[in-house]
Amino acid sequence: MSLAAQRDIRHILHPWQHLSLEHCAEPLIIERAEGAYVFDSRGRRYLDAVGGLWCNAVGFGRGDMATAIHEQIKRLSFANSFVDMGNPRAAELAERLCEHAPQGINRVIFTTGGSTAVESAIRLAHFYWSCRGKAQKRHLLALRGGYHGSTYMAASLTGREDRAAEFAYDTSTVHLLASPKMFPAHDAAGESDFCNGLIEDFERQIARLGAECVAAYIAEPILGSGGVVVPPHGYHVRVRELCRRYEILYIADEVVTGMGRVGEWFASHSVFGVIPDVIVSAKCLTSGYLPLGAALYSDEIHAAIAGSPHAREFAHGFTNSGHPVSCVAALKVIDIFEREQILRNVCRTGAYFEHRLRRLLEFPIVGEVRGMRMMIGVEYVADRVSRTPFPKDFNVAGRVSQLAERRGLLVRSCGHVNIISPCLASTPEQVDCVVDVLADSLDELCQSFNGC
Ligand SMILES: Cc1ncc(COP(=O)(O)O)c(C=O)c1O
């Protein structure tokens with residue numbers, strides 16, 4: 001075992017690390033990375049189809065990114081953003097993000113990552129309603145199966161089944177709505193009925209709580225770590241209408257879907273036809289080079305909080321809000337997006353990827369391949385006709401991940417689903433490799449079931 005692995009085991013508690021002894025495997029120590037590839041401490045190369053952790057947009061280890069970051073550190077390595085202080089990089093980044101956001105969204109709160117941006121969005125919602133004289137609007141709606149982060153409120157808004165009962169959550173103001181996941185319980189023919197059911201559930205919750213008490217709803221345009229769940233057709237637009245009707249702020253958590261992963265700057269409007277009140281971004285925002293998050297919000301919200309007779313300081317933020325070095329990384333990512341036409345690559349190579357992935361349906365244990373462009377989920381079933389899931393402890397997706405890893409490919413496993421989120425600058429050859437290695441891994445797994 002490498003020295004790094006020994007030190008890691010001795011000292012680090014990882015996010016989501018399984019603490020039982022039987023799960024105590026040697027950690028995969030990544031030493032370096034280049035483009036779409038990572039290299040472990042033994043020098044083995046892997047095609048990283050996890051994309052870091054959804055965040056590899058322009059490729060790892062780029063000289064131009066390093067130069068921009070290096071120059072910024074020499075010029076201004078930190079800047080206080082509190083109260084009335086700022087820095088040029090944060091200001092420029094805010095302007096450029098708003099240029100790519102849907103119309104009417106021209107304001108930004110910078111944070112340190114996705115969870116903190118979700119926290120800021122919720123703070124903003126509460127502040128906004130108080131400024132409008134509706135301080136009783138405190139309750140929040142989120143989806144079962146959704147993921148919004150790991151800080152207290154972000155974890156409370158997270159409706160994933162595997163959230164740990166050992167932690168405490170805010171259950172007094174957070175209310176979880178029915179999951180929009182159709183597979184395996186519903187088939188495509190029942191999509192519109194399924195969608196109607198979700199809308200009824202939404203309205204029921206509002207009726208139960210009283211619209212005058214509900215501050216915001218938080219969406220993921222496509223639920224990411226909940227298993228790449230694309231809600232039924234028309235769902236987002238209908239929920240947007242309900243939010244407008246009942247005066248509930250619509251927050252789109254685009255930590256995963258934003259900044260190019262599905263081929264658009266932001267998916268809410270461009271893909272799903274919805275203009276949110278607040279958009280949360282992180283991950284591909286800096287392509288993972290440095291930590292940064294952002295909550296982009298509407299002029300309408302700003303007018304209300306700034307013009308209110310109760311206007312006061314927005315008493316929320318972080319030491320590293322608008323960090324100039326993180327902001328320069330994000331600016332460089334936007335430059336590269338524009339110069340190298342990354343969104344176009346996601347659309348073209350992503351469409352090809354979707355097409356190639358259909359090959360996986362040849363395997364009887366593949367129940368559904370879903371998602372879009374560079375955001376894909378492959379869900380497994382023990383029996384495709386009855387759509388019976390595998391027993392949980394069979395860990396089917398984990399097995400596929402392990403077999404793929406031995407072949408030099410990293411894919412993530414969550415429950416019965418493998419999540420695939422390669423670098424946005426991936427080439428057709430690289431996505432071919434993802435599909436081929438997955439197919440070989442599935443072949444091996446199926447053979448181990450004795451002629452399945
Ligand atoms: C949709 C979504 N929101 C929020 C977060 C939290 O982001 P972070 O881990 O940067 O705090 C994540 C992280 O995976 C996410 O997928």
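No lab work stands behind these numbers, since they all come straight from the coordinates. Just so we're clear, the structure is a prediction, and the values are computed from it rather than from any experiment. Glycine gets a Cβ as well: all are built from the backbone with ideal geometry, and neighbour counts include every protein chain shown.
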Quiz item: List the lysines whose alpha-carbon lies under 18 Å from that of K283, not counting same-chain residues fewer than 8 positions away?
Solution: K332
Exercise. Note down the nm distance, to one decimal, between modelled labels 7 Å out along Cα→Cβ at Y246 and at A306.
Key: 3.1
Quiz item: Considering only DSSP states other than H, G, I, E and B, which GluC sites (Glu not before Pro) in segment 187-279 qualify as loop sites with at most 14 other Cβ atoms within 10 Å?
Solution: E247
Quiz item: Of the listed peptides 309-318, 106-115, 164-173, 90-99, what is their order by residue-averaged count of other C-beta atoms within 10 Å, with the highest listed first?
Solution: 106-115, 90-99, 309-318, 164-173
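Tell me the relative contact order for segment 1-109 as a rounded percent, counting alpha carbon contacts under 8 Å between residues six or more apart. Write down the numbers at each step before the final one.
Details: 68 pairs, mean separation 14.7, N = 109.
Worked out over segment 1-109, it gives 13 percent.
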Exercise. Would you please state which residues of segment 54-78 a label at R32 would reach in this model, taking the label point 7 Å out along Cα→Cβ and a backbone N cut-off of under 15 Å?
Key: 60-63
Practice problem: Please work out the Cα center distance from segment 375-452 to segment 20-70, rounded to the nearest Å. | Solution: 20
Exercise. Find which of I9, L410, G197 sits farthest along the positive direction of the dipole of the chain, computed with +1 on the beta-carbon of Lys and Arg, -1 on that of Asp and Glu, about the Cα centre.
Key: I9
Quiz prompt | For segment 28-43, Karplus couplings with θ = phi - 60° (6.51, -1.76, 1.60), whole Hz, Gly/Pro x | solution = 7, 8, 8, 8, 8, 8, 8, x, 9, 10, 10, 10, 8, 5, 9, x
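If packing is taken as the mean number of other Cβ atoms within 10 Å per residue, what is the order of 73-83, 346-356, highest first?
Working: 73-83: 12.5, 346-356: 18.4.
Result, highest mean Cβ count within 10 Å first: 346-356, 73-83.
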Quiz item: Rounded if a/c is under 1.5, else prolate if a/b is larger than b/c, else oblate: which is segment 94-228, with a ≥ b ≥ c the root eigenvalues of its Cα gyration tensor?
Solution: rounded
Quiz item: Which value in deg cm²/dmol, rounded to the nearest 500, describes the helix-derived mean residue ellipticity at 222 nm for the chain, given -39,500 (n - 2.57) per DSSP H run of n ≥ 4 and division by the residue count?
Solution: -11500 deg cm²/dmol
Quiz item: With the contact rule set at Cα under 8 Å and sequence spacing of 6 or more, what percent relative contact order holds for the chain?
Solution: 21
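Taking 0.36 nm per residue of sequence separation and subtracting the Cα-Cα distance, how much length would be gained by fully extending the chain between R45 and Q402, in nm to one decimal? Display every interim value, and only then the final one.
Numbers: separation 357, 0.36 × 357 = 128.52 nm, distance 1.48 nm.
Result: 127.0 nm gained on full extension.
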Quiz prompt | C-alpha center-to-center spacing [segment 269-346, segment 149-218] in angstrom | solution = 25
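Just to verify a number: FRET efficiency for F314 and H355, C-beta to C-beta distance, R0 = 45 Å, to 0.05? Intermediate results must be reported in sequence, preceding the final value.
Values: r = 47 Å, r/R0 = 1.05.
Result of the calculation: an efficiency of 0.45.
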Quiz item: Taking every DSSP beta bridge that has both residues in the chain, what percent is antiparallel when rounded to the nearest 5?
Solution: 65
